[in-house]
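A short worksheet on the structure shown next.
The values are calculated or read from the model by the stated rules, or taken from the named source; none is laboratory data. Note that the structure is a prediction, hence the values are computed from the model and not measured. Here the Cβ positions follow ideal geometry from the backbone for every residue, glycine too, while neighbour counts run over all protein chains shown.
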Amino acid sequence: MEIVFGLALLVIVGAVVLLFAMFGELASRLPRRDSGASDTRVQPLEEALIGRAPDTWPASLSDLAAAESGLLLVLSTACASCRQVAKQLSAEPIRNGAEPIAVLVSCGTQDSGEDFVQQHGLGRIPYFVDKGGDWVKNEFGVKMSPSGLVFRKGRLDSALLFQDLEALRAAGGHAPLADKVRR
C-alpha cells in the first residue's frame, strides 16, 4: 500500500512540475506589461500567398485593389498584441495621403468585431470585419495576427508579423501610416 501511495505521489509531483513548466513557457510568449517598450521584431509571414490577387474584395477594402500600393493590417479580437496595435493606430493623427490603409478584424462574431473597431476608435479607417478570419485565410493564407499585408496593384507583395507600428514602418512594411489614414 505504501508503494502505491508513493508512486501516486510521485506522479502528482511530476504533473505539478510539468504544469508549472507549461505556465512558464506561456508567460514567456506573452507581451510584458511592466516595461514601456514593445516588441520591435518584424518577421515575414512564410505561409502567406505572395503575388496573389483575391478573387473578390470586400467593398470596404476596394481601395486596396485599385491602388498602386496599400496596407492591410490584420488584427484579431482575441489577441493582446492586436489591441496594442489598435491603440497605436488610433493615436495616429489624421492626414490625407495617396496610399490607402485599411484594417481587417478577425473575430468570432460580427458584433465582437464591430465592438473592437468602436472600442479602439478604428471607425475612421476603412475596415472589414472578417468573421472567423475566413476571407484573409482563404485569399492569402494568413492565419496570424497582428500582421501587415502590403499590396502593390491589388496583389499581395509582402506579409509581415509585427507588434509595433513603428517597427513595421522601419521594416519597409509601408510609409508612415498617419499619411495614409482617410478623413
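Exposed (fewer than 11 other Cβ atoms within 10 Å of the Cβ), in contact with a strand residue (DSSP E or B) (Cβ under 7 Å, 6 or more places away or on another chain) and either within 22 Å of Asp134 (Cα to Cα) or at pLDDT below 90 (or both): which single residue out of Gly51, Gly36 fits that description?
Values: Gly36 fails: in contact with a strand residue (DSSP E or B) (Cβ under 7 Å, 6 or more places away or on another chain).
That would be Gly51, the only listed residue that is exposed (fewer than 11 other Cβ atoms within 10 Å of the Cβ), in contact with a strand residue (DSSP E or B) (Cβ under 7 Å, 6 or more places away or on another chain) and either within 22 Å of Asp134 (Cα to Cα) or at pLDDT below 90 (or both).
Given the conditions (1) without any contact (Cβ under 8 Å) to a residue 60 or more places away in the chain; (2) assigned to a strand (DSSP E or B), and given that Leu72 satisfies all but one, which numbered condition is not satisfied?
Only one criterion in (1) without any contact (Cβ under 8 Å) to a residue 60 or more places away in the chain; (2) assigned to a strand (DSSP E or B) is unmet by Leu72, namely (1).
Limited to the stretch 54-69, what total is found for residues that are surrounded by 12 or more Cβ atoms within 10 Å (Cβ to Cβ) and outside any helix (DSSP H, G or I)?
5
Take Arg155 and decide whether it is in contact with a Pro (Cβ under 7 Å, 6 or more places away or on another chain) and either closer than 17 Å to Ser69 by Cβ or of a type in the set (S, T, N, Q) (or both).
Spelling it out, it is not the case that Arg155 is in contact with a Pro (Cβ under 7 Å, 6 or more places away or on another chain) and either closer than 17 Å to Ser69 by Cβ or of a type in the set (S, T, N, Q) (or both).
Considering only the stretch 107-152, how many residues are touching a strand residue (DSSP E or B) at 6+ places or on another chain (Cβ under 7 Å), hydroxyl-bearing (Ser, Thr, Tyr) and not in a strand (DSSP E or B)?
Number satisfying all stated conditions: 2.
What's the number of the only condition in (1) surrounded by fewer than 21 Cβ atoms within 10 Å (Cβ to Cβ); (2) free of Cβ contacts under 8 Å to residues at least 40 places away in the same chain that Arg124 fails to meet?
Exception for Arg124: condition (2).
If you take the residues of the stretch 70-128 that are among the hydroxyl-bearing types (Ser, Thr, Tyr) and within 25 Å of Leu156 (Cα to Cα), which of them is modelled with the lowest pLDDT?
Residue satisfying both the conditions and the ranking: Ser90.
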